[in-house]
1. Compute the convex hull volume of the Cα atoms of the stretch 13-136, divide it by the residue count, and report the result per residue in Å³ as a whole number.
2. Using Cα positions and a limit of under 16 Å, work out the aspartates and glutamates in reach of LYS41, with same-chain residues fewer than 8 apart set aside.
3. Can you find, among ALA157, ILE189, THR439, the residue sitting farthest towards the positive end of the charge dipole of the chain, where Lys and Arg contribute +1 and Asp and Glu -1 at Cβ?
4. Given a cut-off of 22 Å, name the pairs among LYS117/LYS339; LYS339/LYS451; LYS236/LYS292 whose C-alpha atoms lie farther apart than that in the structure shown.
5. Averaging the inverse of every distinct alpha carbon separation and then flipping it gives the Kirkwood radius. What is it for the stretch 430-556, in angstrom units?
6. Please give the Cα centre distance for the stretch 241-304 versus the stretch 334-362, rounded to the nearest Å.
7. Quickly work out the TYR295-to-ALA132 label distance, labels modelled 7 Å from Cα along the C-beta direction, and quote it in nm with one decimal.
8. Please compute the per residue accessible area over the chain with all protein chains in place, 1.4 Å probe, rounded to a whole number of Å².
Amino acid sequence: MGAESSPPSRAGAVAATSVLLVVVLAAALSVDVVRIGFGLKGDEATYVAMALSAAFDHDLTYERKDLERFTGLYQSGPEGLFVKRGRSWRIRTQRASPFVRIARPADPRTDRLYFGKAFVYPVVAAPFVRLAGLNGFLLLHALLLSGVVLCGYLFLAARARPVVALTYTLAFVGATVVPVYLVFLTSDIFNLATVFFAYFLWLYKEVAPRGPGRFLRTIASDCAAAALLGVATFSKPINLLLIAPLVLWFWWRRRWWAGIAVGVVFVLATAALFGVNAISSGEFNYQGGDRKTFYAHYPFEAPGVVWDGLGTTAATDDADADNVLQPAEFANRLALNLKYFVVGRHAGFVPYFFPGAVAIVAWLLSRERHSPWRWFVCAAFAASVVGILVLAPYTWNGGGGPPGNRYLLSLYPVVFFLMPPVGTLAVPMLAWIVGTLFTAHMVVNPFVAAKYTYLMFERGAARRLPVELTMANDLPMALSSSPIRARIPYRNDPLMLLYFLDQNASPPEPAGMWVTGGRRADVIVRTEDPMDHLAVSAESPIPTVLTVSVGAETVS
């Protein structure tokens, strides 16, 4: 029987998903989230505080009781908390122009603030948090990722052998950096799953037009997909362009009104969520307004300590277009970032999402390369990536030194649907072998990989890949505090900063720096003026050979 005519095996999907679900659920419910997770990571403080507030207070405001609850769980304050001061809405009509006057005075209550992150993920997580405490986050992530595996399997098994479909689907998730984000108490897995479910609802009918489920064969599933993409866009605005393939596919088939309907559903879903945010906090943009991030000292930790003199301003109302779109550096910087995006040591698509690269190559080499909807999907992915590289050229990995590329997690799912039907296990096995070559050491202990990201790049195949110099301030080594390994002044005139990418060289002492014998040490040397040469003096208490490479010739 040919690969395309092999029917999907529901029993195989259910069995594989059930085993995965049982294993992951058992782990999710049994770990000590605070201790095993090494405390807070990334933006966890805000999302955890929001989910706890929604679960136990049935609101999304930050008050004194939220700080007390959080401190009781973590035995420390919410490091990295994003909150903002709210506003009220006052709408008055009048007889003269402009007839409607809108005022937005400051929130009259001084005993509350508003969280500065998207509320949709914490609201979804709240019932699980109410049921299982902080383990509820891991429980939700386990359910979402199991659902992704089930939907992915059904999609591929509609036109390929079940064993091939299952092997590749598991590789798409497991042979990447994705499992590390299972233990982050943030919205990344939620965003990934939301986009994946949306594209499954849209595209399953294209590969299984007579498959099970009447709902999946109607425009209702397309509208549901559009609504989910609206949720994903509210949660992470970089997902905005992912609605375009749905609309374009309807218009390609001259179903004009259907395409408009899907687009309208997307706009309404997105606008409704931003509208709820505006009604709640007085701001449409949850990252805008009077927004700050807090470390060490927090609002309401002492009487009268609320806002002024605390925290760091962290509003993102406006894009930095004047800087990032300067013609003098734009083309060169974009070219560098495109290279780094594909094969960068810390955030490259190939090393940390290799099964996705396999899907793209397999599609381009197959008969499916003529399929219009696959081209629409590929174009939306490419345009979204370029948009991130253009608008966030110095933080396109998500900022804060994450494992792999955090921003890519919500775009990565669409690449799965480019995978054509294949009749051999060689393709999914290639995805497993090469993918785990770069990510196995992370997946084995995701809690360590999530907290101590900079340790994950000390060894392994990634060491042979180029370092993302455009993001020097947001690479994982910036997270190291003992010792500090980023932005270390070496000299003042001209200013020279050193960035130590591994532990094979120590931060500089007055006389210089130590380099471990028999090891390779990678150090970024950054100066305020262009360098035309670099003088290096070396000495050793024992005979040794030192090889120095600074991007031009290598000297031993």
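The values are calculated or read from the model by the stated rules, or taken from the named source; none is laboratory data. This is a predicted model, so every value here is computed, not measured. Cβ: placed from backbone, ideal geometry, glycine included. Neighbour counts: every protein chain shown. Side chains are part of the model used for accessible areas, which takes the heavy atoms of the whole protein and leaves out ligands, DNA and RNA. Shrake-Rupley method; radii C 1.70, N 1.55, O 1.52, S 1.80 Å.
1. Per residue, the Cα convex hull of the stretch 13-136 comes to 161 Å³.
2. Partners found: ASP32, GLU79, ASP188, ASP474.
3. In the chain, that residue is ALA157.
4. LYS117/LYS339; LYS339/LYS451
5. For the stretch 430-556, the Kirkwood estimate is 16.5 Å.
6. Result: 28 Å between the Cα centres.
7. Each label point lies 7 Å from its Cα, and together they span 3.2 nm.
8. 47
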